[in-house]
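FYI, it's all coordinate maths here, none of it is from the lab. Because the structure is predicted, anything quoted here is derived from the model rather than measured. Positions of Cβ are backbone-derived with ideal geometry, glycine not excepted, and every protein chain shown enters the neighbour counts.
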Amino acid sequence: MKSKSMRIPFESARTAACSAAVATALLLSSPLSAVGQPAEDSPNNGSKLTESSQTSVFEIPNSLKEGHDPFFPNSTRFIKRAPAPKPVEGPVVLEFKGVSGTADRPLAIINNRTFAVGEEQDVTTANGKVKVMCLEIDGLKVKVRAQGATQELLLRKGI
């Protein structure tokens, strides 16, 4: 024999849940004294906030020791970052180390970074990191742009 369960329409259940939530919020919003009257020292007894109210102040920490997100304690997204590195000064020394790829799509190896024509990457040099763009790859030579200047690099000897 099948047991029949009572079904409550969805709208009725939702209305009852909302009514219960509103009643709970109203009860919790103003504390009552023993006789059912609002407590005299209650901050929500109908008066507006005064200037002596406390204000929250949020400061961005410099390190995890100064403060962290309580929900994501290992996150560093709000920690102040160090300033960007200064641009490289002096001559940029680039070394064309090899060619790979196919005849249709040649690749050049410059300072241990692989470039296709039109590709731009950060390359480490003796003076620091430099943005280099490969303009042309032609057999044993490569044309690149670094720090706004165009250079033609020849394949190093012995290869």
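For Thr114, the shell of other residues with beta-carbons less than 14 Å away shows a net charge of -1, using +1 for Lys and Arg and -1 for Asp and Glu.
Each Cα pair under 8 Å and six or more residues apart adds its sequence gap; the mean of these over the residue count of segment 96-154 is a relative contact order of 23 percent.
If you scale each eigenvalue of the Cα gyration tensor by 5 and take the root, what three semi-axes come out for segment 96-154, rounded to whole angstrom and sorted largest first?
Working from the Cα gyration tensor, I get semi-axes of 18, 11, 10 Å.
Computed 3J(HN,Hα) for segment 55-72, one whole-Hz value per residue from the Karplus formula 6.51 cos²θ - 1.76 cosθ + 1.60 where θ = phi - 60°, is 10, 7, 10, 10, 10, 7, x, 8, 8, 5, 5, 7, x, 8, 6, x, 8, 10, glycine and proline marked x.
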